[in-house]
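*Asks:* Quick one: structure below, then a few questions.
The values are calculated or read from the model by the stated rules, or taken from the named source; none is laboratory data. Values in this document were obtained by computation on a predicted structure and should not be read as measured data. Here the Cβ is made from the backbone with ideal geometry for all residues, glycine too, and neighbour counts use every protein chain on show. Surface areas here come from the heavy atoms of the whole protein model, side chains and all, with no ligands, DNA or RNA. Shrake-Rupley method; radii C 1.70, N 1.55, O 1.52, S 1.80 Å.
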Amino acid sequence: MVRHTIIYDTDPGIDDAMALLLALRSPEIAIAGVTTVFGNSNVEATTRNALNLLYLAGRPDIPVAKGAAQPMVLPLGQTGEFVHGDDAMGNIGWTHLLDPRLRPLDQPAAQFIVETVMANPGQITLVAVGPLTNLALALQLEPRIAQAVRNVVIMGGSVLAPGNVSPTAEANIHNDPHAAALVFGTGWDLTMVGLDVTTAVHMDEAFFDELRRSGHPFGRFIGQIIPCYQQFHRERYGYENGAVDTHDPSAIAYLIDPTLFEGQDWSVVVPVDGPAKGTTIADRRGHFLTTPKVRCLMKVDEARFLEMFKARLIA
Ligand code: RIB
Ligand code: CA
């Protein structure tokens, strides 16, 4: 039944939490470990949130490895509390571990990625839904992971959709453009689940209400953390009816059912400075760039996606 054994690299984060719960409810997916990174908050908070989420979900057996506290080259910029709340989990008061015995591995995230991938050649899918720093550090530590990994799926970037932290850049790429440039230039089997599809799937208040009323603890938890995220989308984008973009769950949805999406293979480069910093520039003509091809998801079946998510979370 398991079709993908993943390392989930994440900065939880409300949508990161939703994606993790979706993965935990999907028999096709086994989680070999969760690695954390700065992004939606500092790495102390995102690691605490990862540990708390797995504990609440009844899966404290899944190892958590703490990762990068800052980008590879640039200083740490603004983290995402203005979107995800002071605790990066919708202001539910997660200032502490839910069980004081919870702790991350002694191994840093990049080392965990290297050891797990090298011990399981051709088996591991890296799913990264935060800044790509841990993946880039792992590549520097052991370049052979590029051949040993099965594939890499990232939530980040955009081909045609407007950026969400600059006119053209998406947050995860912009937060560490040097790491992204390395990841995009490596020539491994890479799929970019970017804003082109993640801003085309909207969950709204009626949807969240159904999750809450289902009585399933995962649905109720999403109903609890989501208001903060809804408020951000209302104030920043004028979204109505409590609608939000479905960023990180889209990466997991792609693994569960790739037929939900359509994509194309293009070379993608990432400028590391200047006004286009952190933009994923795709050569849609196929004439100009010779860098490795990346599968860029461009279309999504929103209705089927939402049905699948709901069925998984409340069944
Ligand atoms: O741009 C959206 C991405 O940035 C998501 O992964 C969200 O969780 C934040 O990390
Ligand atoms: Ca994220």
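*Asks:* Mind giving me the FRET efficiency for residue 234 and residue 78? R0 is 22 Å, r the Cβ-Cβ distance, nearest 0.05 is fine. Walk me through the numbers on the way to the answer.
*Replies:* Working: r = 20 Å, r/R0 = 0.93.
E between residue 234 and residue 78, to the nearest 0.05, is 0.60.
*Asks:* Pop out the ³J(HN,Hα) list for region 101-115 in order, Karplus 6.51 cos²θ - 1.76 cosθ + 1.60 with θ = phi - 60°, rounded to Hz; leave Gly and Pro as x.
*Replies:* Couplings: 7, 5, 7, x, 4, 6, 5, x, 3, 4, 5, 4, 4, 4, 5 Hz.
*Asks:* Using modelled backbone amide H atoms (1.01 Å from N, in-plane), which distant-in-sequence or interchain residues come within less than 5 Å of residue 142's amide H?
*Replies:* Amide H neighbours of residue 142, under 5 Å, 5+ apart: none.
*Asks:* A further question follows. May I ask you to give the percent of accessible area on region 4-314 that is carbon plus sulfur, with a probe radius of 1.4 Å? Don't skip to the answer; put the middle values down first.
*Replies:* Numbers: 6180 of 12210 Å².
With neighbouring chains kept in place, the figure for region 4-314 is 51 percent.
*Asks:* Let me ask something additional. If Lys and Arg each add +1 and Asp and Glu each add -1, what is the summed charge of the other residues whose beta carbon sits under 9 Å from the beta carbon of residue 300? Can you show the working numbers first?
*Replies:* Values: positive: 299, 304; negative: 196, 262, 301, 302.
Around residue 300, the charge tally is -2.
*Asks:* Turning to a different aspect of this structure: With θ taken as phi - 60° and the coefficients 6.51, -1.76 and 1.60, list the Karplus ³J(HN,Hα) couplings across region 36-46 in order, rounded to whole Hz; mark glycine and proline as x.
*Replies:* For region 36-46, the Karplus-derived couplings read 10, 8, 4, x, 5, 7, 6, 6, 4, 5, 5 Hz, x marking Gly and Pro.
*Asks:* From Cα pairs below 8 angstrom and at least 6 apart in sequence, can you work out the relative contact order of region 4-314, rounded to a whole percent? Can you show the working numbers first?
*Replies:* Details: 697 pairs, mean separation 60.2, N = 311.
After rounding, I find 19 percent.
*Asks:* When the Karplus curve 6.51 cos²θ - 1.76 cosθ + 1.60 is applied with θ = phi - 60°, which whole-Hz ³J(HN,Hα) does each residue of region 187-192 get, with x for Gly and Pro?
*Replies:* Result, rounded to whole Hz: x, 8, 6, 10, 10, 9.
*Asks:* Separate question: Between residue 86 and residue 287, what is the label-point separation in nm under the 7 Å Cα-to-beta-carbon projection?
*Replies:* Using points 7 Å along Cα→Cβ, the separation is 5.5 nm.
*Asks:* So, in nm, how far is label residue 120 from label residue 304 when the simple model puts each one 7 Å beyond its Cα toward the Cβ?
*Replies:* 2.8 nm
*Asks:* Could you work out [θ]222 nm for the chain from helices alone, using -39500 (n - 2.57) per DSSP H run of at least four and dividing by all its residues? Round to the nearest 500 deg cm²/dmol. Write down the numbers at each step before the final one.
*Replies:* Numbers: 13 runs with 123 residues, N = 315.
-11000 deg cm²/dmol, from helical runs alone.
*Asks:* Non-local amide H neighbours of residue 68 (under 5 Å, H modeled in plane, Pro and chain starts lacking H): which ones?
*Replies:* 38, 134
*Asks:* Sticking with this structure for a sec: Give me the extension gain from residue 55 to residue 265: residue separation times 0.36 nm, minus the current Cα-Cα distance, reported in nm with one decimal. Write out the running numbers ahead of the final one.
*Replies:* Details: separation 210, 0.36 × 210 = 75.60 nm, distance 3.84 nm.
Extending this stretch completely gives an extra 71.8 nm.
*Asks:* Quick one: which residues, 5 or more positions from residue 9 or on another chain, have an amide H under 5 Å from its amide H? H modelled 1.01 Å from N in the peptide plane, none for Pro or chain starts.
*Replies:* Amide H to amide H, under 5 Å and 5 or more residues apart or across chains, residue 9 pairs with 35, 127, 128, 129.
*Asks:* Nearest 0.05, what FRET efficiency do residue 160 and residue 96 give at R0 = 41 Å with Cβ-Cβ as r?
*Replies:* Working: r = 42 Å, r/R0 = 1.03.
Step by step, r from the Cβ atoms, then E = 0.45.
*Asks:* How large is the dipole of region 116-237 about the Cα centre if only Lys and Arg carry +1 and Asp and Glu carry -1, each at its Cβ, rounded to the nearest 20 debye? Intermediate values should be presented prior to the final figure.
*Replies:* On the way: 7 positive and 10 negative charges, 47 e Å.
Its charge dipole is roughly 220 debye.
*Asks:* What size of dipole, in debye to the nearest 20, comes out for the chain about its Cα centre when the only charges are +1 on Lys and Arg C-beta atoms and -1 on Asp and Glu C-beta atoms?
*Replies:* Numbers: 23 positive and 34 negative charges, 99 e Å.
My answer is approximately 480 debye.
*Asks:* Something else: With point charges of +1 on the Cβ of Lys and Arg and -1 on the Cβ of Asp and Glu, referenced to the Cα centre of region 4-314, which listed residue (121, 110, 13) lies farthest in the positive direction of the dipole?
*Replies:* Of the listed residues, the answer is 121.
*Asks:* Place the peptides 113-123, 194-204 in order of packing, highest mean first, counting for every residue the other Cβ atoms within 10 Å and averaging per peptide. Each step should come with its number before you reach the end.
*Replies:* Working: 113-123: 17.6, 194-204: 22.7.
Top of the packing list down: 194-204, 113-123.
*Asks:* Within the set of other residues whose C-beta is less than 14 Å from the C-beta of residue 290, count the net charge using Lys and Arg as +1 and Asp and Glu as -1.
*Replies:* Numbers: positive: 285, 293; negative: 265, 283.
Net local charge, residue 290 excluded: 0.
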